[in-house]
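Let me begin by presenting the structure, written as structure tokens, before commenting on it.
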Amino acid sequence: MNQDTADSRKVDAFTHKIEEEIEETVYYLNPDLNLVRDLVSGLLTNEERYGYLACPCRLVTGSPEENSDIICPCIYRDDDLSEYNACFCGLYVSEKVQKGEAVVSSIPERRLPYSIRKESSKKDERNNKTDITQKNIAVDSLAYPVWRCKVCGYLAARNTAPSPCPICKADNRFERFL
């Protein structure tokens with residue numbers, strides 16, 4: 001078996017996996033199967049290079065933590081679907097596109113430049129420490145910590161974060177919310 005055949009089988013298998021994962025959700029794959037295959041191939045290439053499924057349409061730099069916002073499905077997907085009927089790379093589309101009632105056009109990049117993301121992250125860290133301190137009484141009275149999915153916003157009160165998210169199927173994308 002040549003490398004192209006092996007790669008093609010990997011792309012097919014991963015595409016099938018995505019289809020199964022979204023079957024009972026509100027998400028749809030782009031009806032352009034050639035585009036889907038190209039994007040899945042890019043996701044798998046990025047997984048080999050970086051160890052995670054970074055969006056093939058964005059520049060990957062730094063650590064997985066610095067790129068957690070662009071691990072597929074990215075945190076921008078839902079906003080892009082609502083506003084533009086497709087995510088930035090075009091892998092996921094709205095129901096309207098799936099039914100042929102809308103077409104996909106250009107989608108602007110929502111991701112801020114690295115320097116701004118880095119500074120924003122530092123500010124968020126400082127603000128979170130203050131917020132948690134001010135909420136300690138309420139937080140301490142909770143029976144379980146509350147986890148929030150960074151992709152879809154789903155909240156789960158339990159000892160450990162769920163993985164994958166039961167709503168959007170994103171893996172390991174929860175942050176402690178309370």
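Residues in the stretch 125-157 that are over 22 Å from the mean Cα position of the chain (by Cα) and assigned to a loop (DSSP other than H, G, I, E, B) were compared, and the one that is modelled with the highest pLDDT is Pro145.
Of Leu112, Leu53, Leu43, Leu81, all but one fail to be over 25 Å from Asp12 (Cα atoms) and either of a type in the set (A, V, I, L, M) or in the same structural domain as Cys165 (by TED's automatic domain parsing) (or both); the exception is Leu112. Applying a threshold of 7 Å to beta carbon distances and a minimum spacing of six or more residues, or different chains, the list of pairs starting in the stretch 16-37 at a residue that is free of Cβ contacts under 8 Å to residues at least 12 places away in the same chain and ending at one that is surrounded by 13 or more Cβ atoms within 10 Å (Cβ to Cβ) reads Glu19/Leu29. Scanning the stretch 63-80 for residues that are of a type outside the set (Val, Ile, Thr), buried (at least 22 other Cβ atoms within 10 Å of the Cβ) and touching a residue at least 40 places away in the same chain (Cβ under 8 Å) turns up Pro73, Cys74, Arg77. Restricting to the stretch 1-21, name every residue that is among the hydrophobic types (A, V, I, L, M, F, W, C), at pLDDT below 90 and assigned to a helix (DSSP H, G or I). The answer is Ala6, and nothing else.
The values are calculated or read from the model by the stated rules, or taken from the named source; none is laboratory data. Remember, it's a predicted structure, so these values are computed and weren't measured experimentally. Here the Cβ is made from the backbone with ideal geometry for all residues, glycine too, and neighbour counts use every protein chain on show.
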